[in-house]
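This report concerns only the one structure given below.
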Amino acid sequence: MPHQIAIVGVGKIARDQHLPAISASPDFDLAATASRNAQVGGVPAYNDLASLLEAQDHVSCVSLCTPPQVRYGDARLALEAGRHVMLEKPPGATLSEVQDLIDLAAAKGLTLYATWHSRHAAAVAEAKAWLADKAIHKLDIQWKEDVRYWHPGQDWIWQAGGLGVFDPGINALSVLTEIYPRALHLSRAELRFPENRDTPVAADLTFYDAGGAQVTAAFDWLHAGPPCWDIHIETDAGTALLSEGGATFAIGGNPTQIGAEMPGEYPSLYARFADLIATGQSETDLSPMRHVADAFTVGRRTVVAPFEW
Ligand code: NAP
């Protein structure tokens, strides 16, 4: 029998990705939603998760699609009520609150899944396999998009805890931490904050690699035109480019042939959630979020022009 799942926060990502993925999944049925202002036609709707959990006993899983600043309270509520929990990225506003959820899920014997959707992009696994036996000289991330196009009117991204340009940037870091064969740590960061906002609009990062490679990242949210979500790699065996957010991979300029049979990022996330529940496991890698926290800790702050929509 499919798991009965509830969505919390019926907004952009819920409508764009979660609802279609659940509706195509053999593992889940959408049983209810909790959202202050939005509903899904034909599905029982509640204003908040507490009322949903009280009314819908048969809901066994909760998928949280709200902004990170408000995720913890609902995640704790769901776990305390004995439900498995799936978290959108980033898994919360602070590392400590997510650690608290990890401990609670373990104590309750429930599944907690901190998702990183970009890790499920079509070419990421291939890039990881290719890189595994190479001597890496250089890796450079260019992650640039137009915030006005991709996040229209979303004020939470500019409020403390909303991460600013690290909201897309953490996707790049989730791919980096997945494909890189060694642990890295941040050695320098330059963060540019609009003078009227709490979170940065651009960032340049430099990582330390004990293997000696030069590892850098540039995030920019005022990039006009088509987005650039690329990772350029130089190794002893030549160059490679992981592009389109991890969807395509080229070695020495030659695209590899993959992807056609891949399920897509969100169908793959829900399949993984079902596997984790079936095997009684959790998956909660916080390394992308740790790099972001480190960037806010060591980053030099520059104030730039105000941002208006
Ligand atoms: P969104 O549409 O702005 O927010 C999702 C929904 O959360 C809202 O529609 C709102 O529904 C509810 N909500 C509850 N408390 C809120 C608050 N304090 N402020 C704003 N909304 C609140 O955001 P989103 O783009 O779907 O992103 C949600 C999460 O998914 C983020 O962590 C983001 O990083 C991640 N994500 C987004 C994308 C994307 O392309 N947008 C892609 C991948 C992942 P009600 O008003 O009905 O309660």
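The values are calculated or read from the model by the stated rules, or taken from the named source; none is laboratory data. This is a predicted model, so every value here is computed, not measured. Positions of Cβ are generated from backbone atoms using ideal geometry, with glycine treated the same way; all protein chains shown enter the neighbour counts. Only protein heavy atoms, including side chains, enter the accessible area calculation; ligands, DNA and RNA are left aside. Shrake-Rupley method; radii C 1.70, N 1.55, O 1.52, S 1.80 Å.
Here are the numbers:
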read-out	value
Filter result for Thr297 (touching a strand residue (DSSP E or B) at 6+ places or on another chain (Cβ under 9 Å) and open to solvent by 50 Å² or more (accessible area, probe 1.4 Å))	yes
Some residue of the range 21-29 being surrounded by 22 or more Cβ atoms within 10 Å (Cβ to Cβ), in contact with a Lys or Arg (Cβ under 6 Å, 6 or more places away or on another chain) and on the phi < 0 side of the Ramachandran plot	no
Residue among Pro67, Pro91, Pro44 that is open to solvent by 10 Å² or more (accessible area, probe 1.4 Å) and within 23 Å of Gly264 (Cα to Cα)	Pro67
Residue ID - nearest to the chain's Cα centre (by Cα), chosen from residues in the range 219-244 that are open to solvent by 10 Å² or more (accessible area, probe 1.4 Å) and within 12 Å of Gly169 (Cα to Cα)	Trp229
Residue within the range 263-271 that is open to solvent by 60 Å² or more (accessible area, probe 1.4 Å), more than 22 Å from Asp230 (Cα to Cα) and of a type outside the set (Phe, Trp, Tyr) present	no
Test: Leu110 is away from the ligand (no atom under 16 Å from the Cβ), of a type outside the set (D, E, K, R) and touching a Gly at 6+ places or on another chain (Cβ under 9 Å)	yes
Residue within the range 130-150 that is touching a Gly at 6+ places or on another chain (Cβ under 8 Å) and not hydrophobic (A, V, I, L, M, F, W, C) present	yes
